[in-house]
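The values are calculated or read from the model by the stated rules, or taken from the named source; none is laboratory data. None of these values were measured; they are calculated from a predicted model. Note: ideal-geometry Cβ built from the backbone for every residue, glycine included; neighbour counts use all protein chains shown. When the accessible area is computed, the model is the full protein with side chains, heavy atoms only, and any ligands, DNA or RNA have been set aside. Shrake-Rupley method; radii C 1.70, N 1.55, O 1.52, S 1.80 Å.
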Amino acid sequence: MTRIRRERVAGRTLAELIFGIILVSAVLAVIGGIFLPGRWFFLAGLLVGAVAAILLVINMYDTIDAALNMTEKRARSYGSLHGVLRILATGVMLGVAVWIDVYAFVGAALGVASLKVSGLLHMPIAKLFAVFLPEEEEKKDGIVYHTGTPSGMTQSGKVSRTLPPGISDEEEL
């Protein structure tokens, strides 16, 4: 669980997804807090759902990280097992929420769905995240690597970089 947070791009993407979950949940909390009659149940359910979404995304990253060090067959079964466990945990959480109150269920369901919304809005959220926490430049072999766009990638999907004076992209380093 700790190694993936040390890997720069993966750890930043994880942080951006968590930031997105919090941002989407905050917007939903304001809307639900104003318009719903069962606002306290909704807000409690939304909080539990958002925390569950954060734990789910951390588990997804940890599962992928662990699976990368396994054989293909073992990684497939490991990933499937953890996928089923995530679905079961979400189902239990939603079942408890619906048993408590319908507004708690709606809040919990929207809290978990904030993970999906955060994933769909990843690029705009990553740009907003970059405003508050810009990435540092990294020097390696005389080349300064930096991020032109969020997660260290340019629009073409290549790592952006600034070359030293006198070296063009066509020349080998």
Note on the stretch 1-107: alpha-carbon gyration tensor, axes a ≥ b ≥ c; rule is a/c under 1.5 for rounded, else prolate if a/b larger than b/c, else oblate; result oblate
Rounded to the nearest 10 Å², the 1.4 Å probe accessible area of ILE87 is 120 Å²
Per residue, accessible area of the stretch 1-114 with a 1.4 Å probe, heavy atoms of protein chains only, in Å², comes to 58 Å²
So, with points 7 Å from each Cα along the Cβ direction, the VAL96-ILE22 label distance in nm works out to 2.3 nm
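Over every pair of different alpha-carbon atoms in the stretch 22-65, take the mean of 1/r and invert it; report that Kirkwood radius in Å. Numbers along the way, then the final one.
Values: mean 1/r = 0.0886 Å⁻¹.
About 11.3 Å for the stretch 22-65.
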Simple spin-label estimate for LEU36/LEU81, 7 Å along Cα→Cβ, in nm, reads 3.6 nm
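If a/c stays under 1.5 just call it rounded; otherwise compare a/b with b/c (prolate if a/b is bigger, oblate if not). Do that for the stretch 59-103, with a ≥ b ≥ c from the square roots of the Cα gyration tensor eigenvalues.
Taking the square roots of the gyration eigenvalues as a ≥ b ≥ c, the stretch 59-103 is prolate.
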